[in-house]
1. Out of HIS121, HIS70, I need the residue that is under 18 Å from THR181 (Cα atoms) and not aliphatic (A, V, I, L, M). Which one?
2. Taking the stretch 12-39, which residues are assigned to a loop (DSSP other than H, G, I, E, B), within 23 Å of the chain's Cα centre (by Cα) and without any contact (Cβ under 8 Å) to a residue 12 or more places away in the chain?
3. Just checking, how many residues over the stretch 42-69 are part of a strand (DSSP E or B) and either more than 13 Å from the chain's Cα centre (by Cα) or not β-branched (Val, Ile, Thr) (or both)?
4. What number of residues within the stretch 84-99 satisfy the criterion of being touching a helix residue (DSSP H, G or I) at 6+ places or on another chain (Cβ under 9 Å) and either crowded, with 19+ Cβ neighbours inside 10 Å or of a type in the set (Lys, Arg) (or both)?
5. From LEU105, LEU146, LEU116, which residue is out of contact with any Cys (no Cβ under 6 Å at 6 or more places or on another chain) and in a strand (DSSP E or B)?
6. Restricting to the stretch 25-40, count the residues that are touching a helix residue (DSSP H, G or I) at 6+ places or on another chain (Cβ under 7 Å) and surrounded by 12 or more Cβ atoms within 10 Å (Cβ to Cβ).
Amino acid sequence: MSHQDTIISYAKKHVALTEDEGIQFAAAFKEHRVKKRQFIIQPDFTAKSRYFVLDGSLRAYVVGDEGQDHTIQLAVEEWWISDYNSYIFQQPASMFVIAMEDSLLFQLTHEQEIKLKAENHKFETFFRILAERSVAFMQRRIISSLTQSAEERYELFMEKYPLMVNRFPQYVIASYLGMTTEFLSKIRNQRVKPKS
């Protein structure tokens with residue numbers, strides 16, 4: 001399957017596109033290769049694009065006043081990533097977005113997205129569905145962080161994303177789940193201990 005076919009197939013999971021519409025949609029994207037540890041977004045620079053992951057993994061994070069990393073988003077194949085506040089409002093970013101592995105992305109600029117939405121209501125519907133799903137996901141994440149213990153958050157993460165544990169270093173997963181690396185190690189060690 002070509003990279004164009006991948007994004008068309010993904011879009012068709014959300015909206016019914018004709019063959020021509022699929023080609024038109026895919027044509028708006030540009031391939032973008034990034035090396036491990038390469039930044040694609042940095043604070044104070046406006047995020048001009050959003051990215052669809054074809055291959056690889058990325059992490060979006062902020063650095064607090066105390067110098068502590070806080071992971072806001074992770075992304076693997078067929079996930080999207082950007083600093084959305086910066087991207088949507090075209091204002092300076094507050095997050096870093098970094099490749100955790102050598103990655104191949106489909107880059108969509110803010111201008112191209114606006115153009116797509118204006119050209120076809122189906123494309124506008126597609127991006128609305130993405131936004132709705134993203135808001136619902138973020139709400140679940142906030143509720144989880146407010147109401148669940150660290151152990152429960154880790155269990156839920158393992159249940160939903162078992163393969164991601166091997167894709168991201170332990171410090172990244174700990175940061176994403178809102179705990180220290182040491183505490184995550186303790187939870188993982190307790191899981192592997194044989195029951196007496």
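Laboratory data are not the source of any read-out in this text; all were calculated from the coordinates shown. None of the values given here were measured: they were computed from a predicted structure. Please note: Cβ atoms are built from the backbone with ideal geometry, for glycine as well, and neighbour counts cover all protein chains shown.
1. Numbers: HIS121 fails: under 18 Å from THR181 (Cα atoms).
One residue alone meets the criteria, HIS70.
2. Initially, the stretch 12-39 is screened for residues assigned to a loop (DSSP other than H, G, I, E, B), giving 13-18, 28-29, 35-38.
Adding the requirement that they be within 23 Å of the chain's Cα centre (by Cα) leaves 13-15, 28-29, 35-38.
Residue satisfying the conditions is LYS13 alone.
3. From the stretch 42-69, those part of a strand (DSSP E or B) are 46, 49-55, 58-63, 69; that's our starting set.
The next check asks that each one be either more than 13 Å from the chain's Cα centre (by Cα) or not β-branched (Val, Ile, Thr) (or both); those that pass are 46, 49-52, 54-55, 58-63, 69.
The qualifying residues number 14.
4. Pass one, the stretch 84-99, residues touching a helix residue (DSSP H, G or I) at 6+ places or on another chain (Cβ under 9 Å): 84, 87-88, 90-95.
Then drop every residue that is not either crowded, with 19+ Cβ neighbours inside 10 Å or of a type in the set (Lys, Arg) (or both), which leaves 84, 87, 93, 95.
Qualifying residue count, the stretch 84-99: 4.
5. Details: LEU146 fails: in a strand (DSSP E or B); LEU116 fails: in a strand (DSSP E or B).
Of LEU105, LEU146, LEU116, the one residue that is out of contact with any Cys (no Cβ under 6 Å at 6 or more places or on another chain) and in a strand (DSSP E or B) is LEU105.
6. Let us first name the residues in the stretch 25-40 that are touching a helix residue (DSSP H, G or I) at 6+ places or on another chain (Cβ under 7 Å), namely 25-26, 28-29, 31.
Next, only the ones that are surrounded by 12 or more Cβ atoms within 10 Å (Cβ to Cβ) stay: 25-26, 28-29.
Number satisfying all stated conditions: 4.
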